[in-house]
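Each reported figure results from applying straightforward, stated rules to the coordinates on display, with no laboratory input. Everything numeric in this text was worked out from a predicted model, so none of it was measured. No Cβ is skipped: glycine too gets one built from the backbone with ideal geometry, and neighbour counts run over all protein chains shown.
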Amino acid sequence: MKPVPHARAAGNFIKDEERTNWHDDTLWFVREKRDKAAHGIAEWELLREWASQIKNHTLSCLDEYLLNFEKQAIANGVKIHWAADAAAHNQIIYSIIKEQKISRIVKSKSMLTEECGLNEFLHQQGIDTVDTDLGERIVQFRDEPPSHIVLPAIHLKKQDVSETFHIHLGTQKGNNDPQYLTEAARGHLREKFIASELAITGVNFAVAETGGFVVCTNEGNADMGAHAARIHIACMGFEKIIPRTADLAVFLRLLARSATGQPITTYSSHFLKPRAGQELHIVIVDNGRSRQLGRADFRNSLKCIRCAACFNTCPVYRRSGGHSYHTAVAGPIGSILNPNLDMKANADLPFASTLCGSCSNVCPVKIDIHEQLWKWRQELAKEGYVAGSKKAGMKGMAFVLARPGLYRFSGRMARWFLRHLSFLFKSKKLNPWYRQREMPAAPKHSFRNWYLKNKKK
Amino acid sequence: MRIGLFVPCYIDQFYPQVAIATLELLEKLDCKVEFPLNQTCCGQPMANSGFASLAAGCDKNFIDNFRDIDYIVSPSGSCVLHIKEHLQDPKQEAAAAKIRSSVFELTEFLTDVLQVNTINASFPHKVGIHNSCHGQRGLHLSSMTERVLPSFSKPEQLLGMVKGISLHLPERKDECCGFGGTFCVFEEAVSVKMGKDRIEEHDRNQVDFITGTDVSCLMHLEGILKRQGSTVKTIHIAEILNSSEA
């Protein structure tokens, strides 16, 4: 099914202007917290440069690091699985569940499992997973996807949460007190943690030299899951690898500051080997990443550490909401990752940007996001994923603008029409400019006319 | 030293006063300025829509017009950035490369090349500054709030030389206005919302004018202001720097 294009979904989002303002302000507040945290570190720009170089280096010899990681992890007693795509990833997890006859599953936040559609897949097999990140649990109750990779329920107000919890957790109707609602979720999730047999987590950083990995959360839910369940499956996109433990000193300083303006996440949990009696699995997933690695123009999008700073700073994201991007990873970074996964379905996303460049400026690993948006546009046009009408318009424009005489004639005509037959432009249906904006005044003479009359000797 | 004025197509057709002000300002500063007569467009509208491949005709025409010019100056950060980043012609790469490195947005030409210290202008009004993204983040006309680097602003440096002017920055001093080229029609709802939000911040400062280095942003904001029936006017920075209002 073709998703609703970003422009239309965004238009619907903005219809509730007050809520749009609230959404914009909320995320801008996070952006400002990020600025404050970044400006508190004199070597911030140097850290970004280091992070970028470490990631560039890692991507340039990814195979070696991955194989080394596998070797170390196996030596640590971890079971490693390789998944070529989303279906393989889901199947691997399903097989473990079947083999071990598991029915109670908790999952901490993993955008990879969202990307792979794990919850829906397991649900179709009759297996339910409980998302334990508070924001993710909220959207899971509502049967919605997350709208933001770090703040999954940022599109919802406390009133919405109260309503949702009243239905699903039996909290008092109309009690919007965040403390009360959090307590209710906490009690509910504790029961799930204690009863769980399998904990699924994501991976923020996988360390090649040790075979260990780090999961960052603010709620400690990854730890509670992994500590209580007898099986822990950690899922990672293969670009999560970093060479050394020492590199964490760069990435952990950048991640939370970029994401929320915190110096560090409340929990940075290091996992190395299964505890006695526990099984630890790691699923390493490709799902289009090799293809992206092979695209010279888009390769370095794989440097991404999923901090979502580009979401929070994006003036388009803040005013259109995460769901308008119709993909697991929304925002500017999603707009350069998703066309790789499905060019046709996501052809609208690289155009959901003014190319203002703020995303590239906040990116802690220096991905040239806005330049890649521009390059994706070229790629999509080349592959025929831009509307024929737009292409025809561009062709006509290019024809005129390449011919000085024709350009001047057309300009004169356009100004004449605007002055004398301005009603032609005043269709809110046919002229999107005019819907909420007046047309520019059309002067009688162009600059060139003036120049020839007044300056040219 | 040959200085050539590059007037973007929509300025030529719809905002000639901006090009006139630019030319007069440069002449006041003792520059001898040429205006190559067969210039049209930099090709950005096609390229930003994904059709850089269709911009070859514009590229060639641009090179034909400006190949012998030493300094190409333009009152548009966005068009200048496009030329700098994307002008190409496989048949005359040397000429294209020369142009890419000798094109300047007006304010950077004034501060960096001419190194202007005084400007004889007066504009006794409350003026809000709009930092246009391509000029700011692309050409580095001013520092950016995202980056941890020393603070500066070439447009503010110049506006500070104008007598009687009172300058005001909106709270979010470098948020995009939402114009974005064809984005303004293909993502009309977001585009206009972004513009309205910029205007609201300038309104809070009770400015009489909003100025900037890019007419495209100003055209978009002007369209919204007029629809709102606002008394706030948009004005390009060249018009202020060339102004001698008492």
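Side notes on the structure shown:
- Lys/Arg +1, Asp/Glu -1 at C-beta; chain B dipole; positive extreme among B:Ile63, B:Val192, B:Met219: B:Val192
- Neighbourhood net charge (10 Å Cβ-Cβ; Lys/Arg +1, Asp/Glu -1) for B:Glu222: +3
- Per-residue Karplus couplings for segment A:45-53, computed as 6.51 cos²θ - 1.76 cosθ + 1.60 with θ equal to phi - 60°, are listed in order as 5, 5, 4, 4, 5, 4, 4, 5, 5 Hz, Gly and Pro entered as x.
- Hits among aspartates and glutamates - C-alpha to C-alpha of A:Lys391 under 16 Å, sequence gap 8 or more where chains match: A:Asp348, A:Glu379, A:Glu383
- Residue order, fewest to most beta carbons within 10 Å, for A:Asp247, A:Asp85, B:Asp30, B:Asp68: B:Asp30, B:Asp68, A:Asp85, A:Asp247
- Least to most buried among A:Leu67, A:Leu27 (fewest other Cβ within 10 Å first): A:Leu67, A:Leu27
- Per-pair calculated FRET efficiency, R0 = 22 Å: A:Trp82 and A:Leu272 via Cβ, rounded to 0.05: 0.65
- Antiparallel content of DSSP bridges confined to chain B, in %, to 5: 5
- Unit Cα scatterers, Debye sum, segment B:1-138: log10 I(q)/I(0) for q = 0.14, 0.15 Å⁻¹: -0.65, -0.74
- Inter-label distance, nm, simple model (7 Å from Cα along the C-beta direction), B:Arg100/A:Gln172: 6.7
- Pairwise Cα separations in segment A:390-454 fall into 5 Å bins from 0 onward with the following percentages, short to long: 3, 15, 18, 21, 24, 13, 5, 1, 0.
- Residue among B:Ala19, B:Gly50, B:Cys31 farthest towards the positive dipole end of segment B:3-113, charges placed on Cβ: B:Gly50
- DSSP bridge orientation in the protein assembly as shown - percent antiparallel, rounded to nearest 5: 15
- Proximal lysines relative to A:Lys395, as straight alpha-carbon distance under 20 Å, when same-chain residues fewer than 8 apart are discounted: A:Lys375, A:Lys382, B:Lys60
- Candidates B:Thr40, B:Thr22, B:Thr231, ranked by Gaussian network fluctuation over chain B, Cα under 10 Å, top entry: B:Thr231
- Reported value for segment A:340-457: 185 Å³ per residue, from the convex hull of its C-alpha atoms.
- Helical content of chain A, expressed as a calculated mean residue ellipticity at 222 nm, amounts to -15500 deg cm²/dmol (DSSP H runs of 4 or more residues, -39,500 (n - 2.57) each, divided by residue number, nearest 500).
- 10 Å Cβ neighbours from other chains, averaged over peptide A:440-452: 6
- Database remark: amide H of B:Asn205 closer than 5 angstrom to no amide H (H placed geometrically; neighbours at sequence offset of 5 or more, or on other chains; Pro and chain starts carry no H).
- Of the cross-linked pairs A:Lys71/A:Lys98; A:Lys71/A:Lys240; A:Lys453/B:Lys32; A:Lys240/A:Lys366, those separated by over 24 Å at the C-alpha level are A:Lys71/A:Lys98.
- Taking one quarter of the surface of the C-alpha convex hull of segment A:260-355 gives a mean projected area of 8.7 nm².
- Take each residue in A:407-419, count the other chain C-beta atoms within 10 Å of its C-beta, and the mean is 2.
- Between helix A:62-75 and chain A there is an angle of about 20 degrees, using the helix long axis and the longest principal axis of the Cα atoms.
- Taking every alpha-carbon pair under 8 Å whose residues sit at least 6 apart, chain A reaches a relative contact order of 21 percent.
- Selection from A:Asn119, A:Ile154, A:Ile97, by position along the positive dipole direction of segment A:41-182 (Cβ): A:Ile97
- Projection of the Cα convex hull of segment B:126-241, averaged over all directions and equal to a quarter of that hull's surface, yields 7.0 nm².
- Taking A:Asp133, B:Asp208 and counting other C-beta atoms within 10 Å, the order from fewest to most: B:Asp208, A:Asp133
- Tail fraction, Cα-Cα pairs, segment A:83-170, threshold 21 Å, whole percent: 35
- Take every Cα pair under 8 Å whose residues are at least 6 apart in sequence, average their separation, divide by the length of chain B, and the relative contact order is 21 percent.
- Amide hydrogen neighbours beyond the local backbone of B:Lys233, cut-off 5 Å, H modeled: B:Phe209, B:Ile210
- Relative pair counts by distance (%), Cα atoms of segment A:271-314, 5 Å bins: 5, 15, 14, 15, 15, 14, 10, 8, 3, 1
- Partnerless cysteines in chain A, where a partner means another cysteine C-beta under 4.7 angstrom, comprise A:Cys61, A:Cys116, A:Cys216, A:Cys235, A:Cys304, A:Cys307, A:Cys314, A:Cys363.
- Relative to the Cα centre, the charge distribution of the protein assembly as shown, modelled as +1 at Lys and Arg Cβ and -1 at Asp and Glu Cβ, gives a dipole magnitude of about 1700 debye.
- Per-residue Karplus couplings for segment B:195-210, computed as 6.51 cos²θ - 1.76 cosθ + 1.60 with θ equal to phi - 60°, are listed in order as x, 4, 5, 4, 4, 4, 5, 5, 4, 4, 8, 6, 7, 8, 9, 10 Hz, Gly and Pro entered as x.
- Computed from backbone phi with θ = phi - 60° and the Karplus coefficients 6.51, -1.76 and 1.60, the 3J(HN,Hα) list for segment A:155-162 is 7, 9, 9, 4, 4, 5, 5, 4 Hz; x is used for glycine and proline.
- Taking every C-alpha pair closer than 8 Å and separated by at least 6 residues, the mean separation divided by the residue count of segment A:390-454 gives a relative contact order of 23 percent.
- Counts of other chain beta carbons within 10 angstrom of each beta carbon in peptide B:140-148 average 5.
- Distance-filtered residues of segment B:16-57 - backbone nitrogen under 16 Å, label point 7 angstrom along A:Leu406 Cα→Cβ: B:39-43, B:46, B:54-57
- Both radii come from the Cα set of chain B: Rg as radius of gyration, Rh as Kirkwood radius; their ratio Rg/Rh reads 0.95.
- When the alpha-carbon atoms of the protein assembly as shown are used, the pair Rg, Dmax equals 27.5, 93 angstrom.
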